[in-house]
């Protein structure tokens with residue numbers, strides 16, 4: 001699993017003259033190995049910091065807590081990847097995460113031993129304790145920061161990633177269908193979210209980490225936000241923006257629904273944002289610069305006489321929810337085939353109504369393939 | 001909010017001769033300020049590491065990403081706490097979390113300036129980058145590790161914490177009711193979990209981070225695990241173990257349900273574990289040593305002729321799911337009034353059936369007050 005990612009990384013490390021690296025950013029670990037940990041409960045009381053990935057001469061060792069082993073399914077299938085499990089929970093003695101990590105990670109690194117050459121690290125996400133354990137074992141080598149270094153390598157997706165992403169987008173489609181089925185005057189944002197959450201988990205047969213927004217148009221800030229007790233009034237709009245994380249890969253997307261019949265003005269607004277989304281999609285092909293899409297779509301909305309959305313026009317997606325290429329005013333990144341992006345024009349009238357419509361797509365050799373299938377027109 | 005926690009910490013720091021500290025563990029931040037971030041999506045692409053809490057001469061400054069400000073509700077109400085927001089998401093320039101943190105945290109710490117005395121830190125959860133930013137601003141002072149130092153201070157809960165914990169336990173009760181209402185022969189674990197998730201969110205009026213187990217008794221490993229597509233057969237058992245995190249505070253608990261009518265043997269087993277739980281609860285009072293409860297309850301199950309559970313007999317709970325006092329074989333911690341603990345005897349026959357029953361309770365001056373209310377006998 002994810003052999004191509006490691007090949008790209010091996011080439012990258014070789015070009016930097018590095019034969020050893022210690023990766024610590026969760027996105028890097030997922031991208032390099034397919035490791036997809038359960039995240040929904042936050043910090044574990046049985047460990048500290050993220051899992052770690054040690055790379056030595058092209059061999060990758062993923063160091064995880066024993067309770068995370070179920071989420072390494074498939075990770076160790078290739079010859080160049082080993083999963084090393086560290087004991088977390090036990091009833092036999094006090095929980096000592098530092099000591100157990102020192103034993104496991106230190107032992108692993110001592111095999112590498114003191115030798116010439118620098119070691120690459122992601123220092124933004126490596127704790128002092130982890131650094132000390134690594135340094136003790138490796139004899140304090142030179143450390144070369146690799147933070148964000150893998151991001152450019154991650155932009156064009158592999159075939160394996162496209163499979164995971166398509167599945168994640170299908171789960172979001174399930175959520176939109178479940179949401180639309182229950183939206184009626186008086187329903188609260190959280191009721192809608194509860195329904196779509198349950199539907200997505202039942203469809204996937206597993207728990208699914210979910211974002212993002214479920215926001216009635218009548219909110220003062222109605223661009224997005226977590227669902228609460230705000231009801232959707234008769235004819236009112238509600239933005240439902242779903243990210244479903246499937247095997248470490250995220251979907252994204254947004255639909256705008258209405259409780260009962262929207263007004264003629266709200267329909268016009270919705271149809272206009274549909275045309276803005278279609279226009280945005282029509283701009284996408286290899287060779288186009290990200291900021292040019294951003295500029296043109298903002299101009300399209302402005303010229304249509306609607307307030308321009310303050311957020312990004314779109315973004316890449318993969319082992320993180322938002323990544324390059326960001327479709328934003330400053331970004332000179334050039335689109336390439338195999339990138340997966342979202343486009344999401346919208347327009348908002350605070351306290352009254354909002355509309356955002358977002359499709360996900362693979363950049364192809366001559367345009368796009370849309371991978372979010374739920375209809376964007378609900379009436 | 002949480003002024004008593006800070007008073008305990010001020011006293012602790014003074015006794016250690018420290019006037020300044022930088023806390024980085026998520027549990028510490030919640031306990032010290034009431035900060036309750038949204039965790040269910042894992043790592044944010046707009047930051048790195050956890051939020052941070054800087055303490056100087058009894059004044060606390062919580063450094064959070066701007067998107068986390070909604071989760072600081074009430075945190076800055078007291079004079080001794082300030083919330084400092086760091087920009088994350090923007091469309092105007094590349095995302096530069098290190099630079100923005102350097103500006104915000106570095107600026108904050110430079111006001112403190114180079115001066116004598118060590119600075120306390122939680123090094124297990126402080127990244128190299130964060131340390132460097134702090135060190136640059138403070139002139140590389142002496143660093144004193146404070147990892148786990150707050151844990152003993154956290155054992156006895158404050159009145160504010162008891163309010164949050166009671167609410168979290170009520171949400172779990174809502175989940176048990178929703179689960180029992182849908183459990184019937186053939187239902188899958190994930191269907192049960194979807195129902196209870198939706199019910200808990202609707203009851204709370206907000207998203208709620210949830211753990212732990214939803215596991216059919218017919219699984220080979222049937223002690224616990226995330227829900228999947230395993231169906232509960234006619235007469236089969238299913239363990240439903242819910243933690244609901246409310247404003248940063250976790251509940252816990254476990255019920256065992258049956259799809260249709262359990263066999264006479266399964267009923268006997270269930271009634272026996274009820275007596276084991278009652279017995280465990282009868283042992284709790286101030287002055288009792290944790291491991292003595294553990295020993296006696298394990299002996300009770302063994303003497304009853306049932307396989308003894310391999311997990312803890314119980315544990316404390318609060319700003320983390322599992323904390324001191326752990327009710328486990330090695331633990332000499334003495335129970336005190338105001339602690340909140342779980343007790344959870346069980347017995348398991350792999351591939352056939354399992355039963356675990358878990359109540360939450362406050363240790364009182366003469367025993368306990370049970371704070372999980374859903375009935376433990378489902379038939």
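Just so you know, all these numbers are worked out from the coordinates, no wet-lab data involved. Nothing here was measured: the structure is a model prediction, and the numbers come from that model. Glycine gets a Cβ as well: all are built from the backbone with ideal geometry, and neighbour counts include every protein chain shown.
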Max mean-square fluctuation residue, GNM over chain B, Cα-Cα springs under 10 Å, options B:259, B:299, B:276: B:299
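What average count of beta carbons from other chains do you get within 10 Å of the Cβ of residues in A:320-327? Could you put the intermediate results ahead of the total?
Working: counts 6, 6, 5, 2, 2, 0, 3, 1.
What the average comes to for A:320-327 is 3.
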For residues of A:219-229, the mean tally of beta carbons on other chains within 10 Å: 2
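Can you give the convex hull volume per residue for the Cα atoms of region B:3-153, as a whole number of Å³? Kindly include the intermediate steps, with their values, before the conclusion.
Details: hull volume 16.7 nm³, N = 151.
Convex hull volume per residue, Cα atoms: 110 Å³.
Just the number, please: percent antiparallel of the DSSP beta bridges in chain A, rounded to the nearest 5. Before the final figure, lay out the partial values.
Working: 44 of 56 bridges.
So the antiparallel bridges amount to about 80 percent of the total.
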Whole-percent pair-distance distribution, where bins are 20 Å wide, for the alpha carbons of the protein assembly as shown: 16, 48, 33, 3, 0
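Give, in whole angstrom and from largest to smallest, the semi-axes √(5λ) of the equivalent ellipsoid of region B:250-379, with λ running over the eigenvalues of the Cα gyration tensor. Intermediate results must be reported in sequence, preceding the final value.
On the way: eigenvalues 125, 49, 32 Å².
Equivalent ellipsoid semi-axes, largest first: 25, 16, 13 Å.
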Please report the relative contact order for chain A, taking Cα pairs under 8 Å with a sequence separation of at least 6, and give it as a percent rounded to a whole number. 14 percent
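Full extension from residue B:352 to residue B:135: what is 0.36 nm times the residue separation minus their Cα-Cα distance, to one decimal in nm? Don't jump to the answer; show the numbers that get you there.
Details: separation 217, 0.36 × 217 = 78.12 nm, distance 5.74 nm.
Extra length from residue B:352 to residue B:135 when fully extended: 72.4 nm.
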Using a Gaussian network model on chain A with a 10 Å cutoff between Cα atoms, which of A:150, A:165, A:357 fluctuates the most? A:150
Rounded to 10°, Cα long-axis angle of helix A:264-282 versus longest principal axis of chain A: 40 degrees
Per residue of A:36-47, what is the mean number of Cβ atoms on other protein chains within 10 angstrom of that residue's Cβ? 6
Cα atoms only, chain B: Rg and Dmax in Å? 23.0, 73
Treating the point 7 Å from Cα along Cα-beta-carbon as the label, what are the nm separations from residue A:145 to the other copies, to one decimal? 2.5
Convex hull of Cα atoms in region B:79-176, direction-averaged projection (nm²): 10.6 nm²
For helix B:128-138, what angle does its Cα long axis make with the longest principal axis of chain B, in degrees from 0 to 90 and rounded to 10? 40 degrees
Label point 7 Å beyond Cα of residue A:274 along Cβ direction - residues of region A:349-379 with amide nitrogen under 19 Å: A:354-360, A:370-379
Given all pairs of distinct Cα atoms, region B:159-370 yields a Kirkwood Rh in Å of 17.2 Å
Once you have the alpha carbon radius of gyration of region A:253-304, what is it after dividing by 2.2 N^0.38 Å, with N set to its residue count? 1.36
How many angstrom lie between the C-alpha centres of region B:1-73 and region A:88-148? 26 Å
Inter-copy label distances at residue A:295 (7 Å, Cα→Cβ; nm, one decimal): 7.8
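On full extension of the chain, what length is gained from residue A:220 through residue A:69, given 0.36 nm per residue of separation minus the C-alpha to C-alpha distance?
Working: separation 151, 0.36 × 151 = 54.36 nm, distance 4.44 nm.
Working it through step by step, the gained length comes to 49.9 nm.
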Find how many whole Å separate the alpha carbon centroid of region B:320-379 from the alpha carbon centroid of region B:268-285. 10 Å
10 Å binning of all Cα-Cα separations within region B:1-91, expressed as whole percents from 0 upward: 17, 51, 25, 7, 0
Compute for region B:128-266: radius of gyration divided by Kirkwood radius, i.e. Rg/Rh, restricted to C-alpha atoms, rounded to two decimals. 1.19
Rounded to 5, the percent of DSSP beta bridges in the protein assembly as shown classed as antiparallel: 80 percent
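Among bridges DSSP assigns within region B:1-101, what percent are antiparallel (round to 5)? It would help to have the intermediate numbers written out before the result.
On the way: 9 of 15 bridges.
So the antiparallel bridges in region B:1-101 amount to around 60 percent.
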Candidates B:25, B:359, B:148; GNM for chain B (alpha-carbon contacts under 10 Å) flags as most fluctuating B:148
Kindly express, to the nearest 10 degrees and within the range 0 to 90, the angle between helix B:97-112's C-alpha long axis and the longest C-alpha principal axis of chain B. 60 degrees
